[in-house]
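Derivation of every value follows stated rules applied to the coordinates shown; laboratory data play no part. In this text the structure is predicted, and so the values were computed from the model without any measurement. For neighbour counting, all protein chains shown are included, and Cβ atoms are generated from backbone atoms with ideal geometry for every residue, glycine included.
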Amino acid sequence: MRIVMKYGKKGLPLQFPDDIKATIIRKRKMLPVSDPEGAVKTALSPTAGSKTLVEEAQGKKNVCILICDITRPAPNAIVLPVLIQELIRIGFASETISVLVATGCHRPNEREELRELIGNEWVLKNIHIVNHFARREADHIFLGTTPGGTPVKMDRRFVNSDLRIVIGLVEPHFMAGYSGGRKVVIPGIAHEDSIRVLHSTRILGQEGLMTGRLEGNPLQEELLSAVRMAGKILAINTVIDEDRNLCFINFGSLEESHLAAVAFARPCFEIPVSRKYKTVVTGASGYPLDKTYYQTVKGMVGVVDILEPGADIFIVSECSEGLGSREYAESQKRFIEKGAGIFWAESLSKPLADIDEWETVMQIKAMKQAKIHLFSEGLNREEKTLTGVEVIGNLSEAIQKCLARKEDKQLAVIPEGPFTLPVYRPVGSQED
């Protein structure tokens with residue numbers, strides 16, 4: 001059997017002998033929209049129970065459009081030109097329109113990377129595009145504190161705009177349940193103080209924080225409380241298939257449009273699996289998500305629901321940009337030196353997480369469920385030692401040795417990684 005895993009830009013082929021029984025878990029097929037640009041225009045047109053963009057824009061003098069950073073393959077090249085041209089048509093001058101990149105605590109997207117992110121030369125030349133910088137105190141405005149204790153500081157360029165529009169990409173997320181919507185706003189354009197509280201082990205370690213879950217998810221509850229402090233925000237939420245084709249788009253209020261997009265996405269992304277596995281092969285969804293090991297952790301967490309006790313996870317991730325940030329490397333070093341137990345206890349005692357240590361925390365959660373093996377061609381020798389997992393050179397051979405050791409020829413393979421969510425549903429269960 002030959003399977004191509006999402007890996008970098010080109011993919012990674014895997015060949016298994018005939019005696020190995022591989023269950024391939026993919027998203028359900030979605031029908032791409034036949035006219036993507038027309039679909040954007042339709043989304044901005046009148047719909048039952050919602051206002052049009054024209055109505056929402058009445059009396060507004062300027063607009064800020066919020067987009068995901070380079071780690072998300074959002075269809076900006078399709079949505080931005082249509083949206084901006086419509087804004088100009090209804091009366092906004094191009095100089096009153098800005099695009100803000102929601103980087104969270106990630107690095108800014110500039111030069112060729114920004115060109116790739118925007119995907120349209122006309123937009124690049126005619127619209128003011130800026131990055132969010134979480135550590136610039138003066139760029140943020142304090143809106144209050146949530147009931148859960150999160151100080152809410154947001155980028156004032158977005159908060160102070162008359163018309164605020166978010167472009168979200170809805171996919172399973174290992175902390176927030178689903179991406180898109182409110183998550184683009186916070187942590188997307190939050191100050192680092194807000195982000196460090198939201199990503200503290202006090203929150204990440206709570207029951208209910210898991211991939212695919214919105215209700216009862218403590219992080220989602222904090223995100224909702226925080227984003228409501230900013231007042232009215234509009235959103236265009238999108239869903240794409242495994243080949244990055246646009247399959248769903250809507251427009252409306254931030255909360256309602258996000259929930260509608262999640263309702264569309266769930267049956268496609270969440271795949272019932274009738275048994276658990278001792279061996280699972282997954283990935284980090286290929287480019288752009290697998291540019292760093294930091295993002296690779298999402299693939300580890302995404303499969304935990306279908307793992308047998310003592311399972312092995314094999315994950316492929318190119319990591320073309322290495323481990324990730326300097327802070328993340330320091331976090332991984334502390335984790336390796338101190339061990340998972342001490343690292344977890346120390347992080348739990350801190351009200352504010354250290355920058356990027358939350359990814360180490362999520363890796364520890366996955367490692368409690370399985371032994372993790374990594375195949376990556378982008379990490380240097382030092383970076384490999386900081387992964388905290390077993391780095392392998394021959395993937396097929398390592399998988400076959402694992403299966404032989406377990407005397408179990410069955411394994412699950414998730415070619416796309418974290419954007420396909422396998423959910424354990426035993427035969428005869430009510431959800432089956």
Exercise for the section: Please state which one of Met30, Met1, Met5 is surrounded by 12 or more Cβ atoms within 10 Å (Cβ to Cβ) and free of Cβ contacts under 8 Å to residues at least 40 places away in the same chain. Expected result: Met1
Handout entry: Qualifying residue in segment 218-234 (condition: of a type in the set (S, T, N, Q) and closer than 23 Å to Val423 by Cβ)
Key = yes
Handout entry: Selection count, segment 145-183, where residues are in a strand (DSSP E or B) and of a type in the set (Lys, Arg)
Key = 2
Completion exercise
Of the residues in segment 390-407, those that are in a loop (DSSP other than H, G, I, E, B) and over 22 Å from Pro13 (Cα atoms) come to Glu407
Exercise for the section: For segment 11-23, enumerate the residues that are surrounded by 11 or more Cβ atoms within 10 Å (Cβ to Cβ) and either of a type in the set (Phe, Trp, Tyr) or part of a loop (DSSP other than H, G, I, E, B) (or both). Expected result: Gly11, Phe16, Ile20
Problem - Leading residue by the ranking (nearest to Glu37 (Cα to Cα)) among those in segment 184-241 that are among the hydroxyl-bearing types (Ser, Thr, Tyr) and not in a helix (DSSP H, G or I) - result: Thr238
Exercise for the section: Return a yes/no flag: does segment 192-212 have any residue that is charged (D, E, K, R), over 25 Å from Glu86 (Cβ atoms) and in contact with a Leu (Cβ under 6 Å, 6 or more places away or on another chain). Expected result: yes
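Of all the strands (runs of 3 or more DSSP E) wholly in segment 246-358, which have at least 2 residues that are over 24 Å from Pro75 (Cα atoms) and out of contact with any Lys or Arg (no Cβ under 8 Å at 6 or more places or on another chain)? Break it down stepwise before answering.
Numbers: elements: 246-253, 270-273, 277-283, 307-316.
Filter on segment 246-358 gives 277-283, 307-316.
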Problem - Lone unmet requirement of (1) farther than 30 Å from Val413 by Cα; (2) out of contact with any helix residue (DSSP H, G or I) (no Cβ under 9 Å at 6 or more places or on another chain) for Leu31 - result: (1)
